[in-house]
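*Asks:* Mind looking over this structure? Questions follow.
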Amino acid sequence: MNIRLLSYNIRYGGAGHEEALTAMIRAAAPDLVVLQEATRPEVVEQLAHAAGMEHWGSRRGDSLGYISRVPLTASWHRPRMSRHAFLELAPEGTAWRVFGVHLSAVHAAWTERRRIYELRALLAAIGREQPGPHVLVGDFNTLAPGEILDFAKLPARLRALVWLSGGRVRWRTIQIVLDAGYVDAFRALHPDIPGSTFPTWDPQVRLDFLFVPGGFVHAITECGVVDGERAKDASDHFPLLTNVDVGVG
């Protein structure tokens, strides 16, 4: 059994961009969509109906939501001191779990420290309750080791934040995930492709990731960035599409 899993930051709740978002989702033909910035339940419900998906979930003010054609159970977990809750999805008929992630935004030293705290809290919770097959997927708002952000191309507001935080950001969050034994699915399948997901009008950086424990990496048969004619109208992020063989494990 395979699940086509789409991760999509729909920007500011998605209001006013429902048609373009639906076009992007339908073109990808996913079974399950993990949404970030899905702060408007009425928009998530509309996207679910328009995409022909029976199951959906969203909580007003929380970033993470989902739409799905696969029956599942969902729960939101908010570690202490974390700005965002994590979303845990358990598709029926499989031992796999999907953990939706949206780490703190802003490219600055102090938010990288917050991202590290949030990520470690999630990894600790998974270690206690879900040591089996699972994926971490979403908008991590940080860079992988060896990948570069050209700060000169950031808006002036963001360049000022980088300067205020010391003029340099040590990108450590993704390395912590890798050190915990996870594999970056996109990079494992595409070692030589940039895979930039942000912004859609001038792609510069890869902020959207899917990680899987190393022992289950063979379950990932596809992982790629979805672009298209409606991408710029839909969001500032490209979605990430992954095929997971949930019969593995």
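The values are calculated or read from the model by the stated rules, or taken from the named source; none is laboratory data. As the structure is a prediction and not an experimental result, all values here were calculated from the model. We place every Cβ from the backbone using ideal geometry, glycine too, and count neighbours over all the protein chains shown. The accessibility values were calculated without ligands, DNA or RNA, using every heavy atom of the protein model including side chains. Shrake-Rupley method; radii C 1.70, N 1.55, O 1.52, S 1.80 Å.
*Asks:* What's the local net charge at LEU207, with K and R +1, D and E -1, over the other residues with C-beta under 12 Å away?
*Replies:* Its environment carries a net charge of -2.
*Asks:* Continuing with the same structure: Taking K and R as +1 and D and E as -1, what net charge do the other residues with C-beta under 9 Å from the C-beta of ARG11 add up to?
*Replies:* -2
*Asks:* While we're looking at this one, here's another question. Tally Lys/Arg at +1 and Asp/Glu at -1 over every other residue whose Cβ is under 14 Å from the Cβ of GLY228; what's the total?
*Replies:* With Lys, Arg at +1 and Asp, Glu at -1, the neighbours total -1.
*Asks:* Measuring with a 1.4 Å probe in the full set of protein chains, what accessible area per residue, in whole Å², belongs to the range 3-62?
*Replies:* Ligands and nucleic acids excluded, the result is 40 Å² per residue.
*Asks:* Which value results when the Cα radius of gyration for the range 17-56 is divided by 2.2 N^0.38 Å?
*Replies:* The value comes to 1.03.
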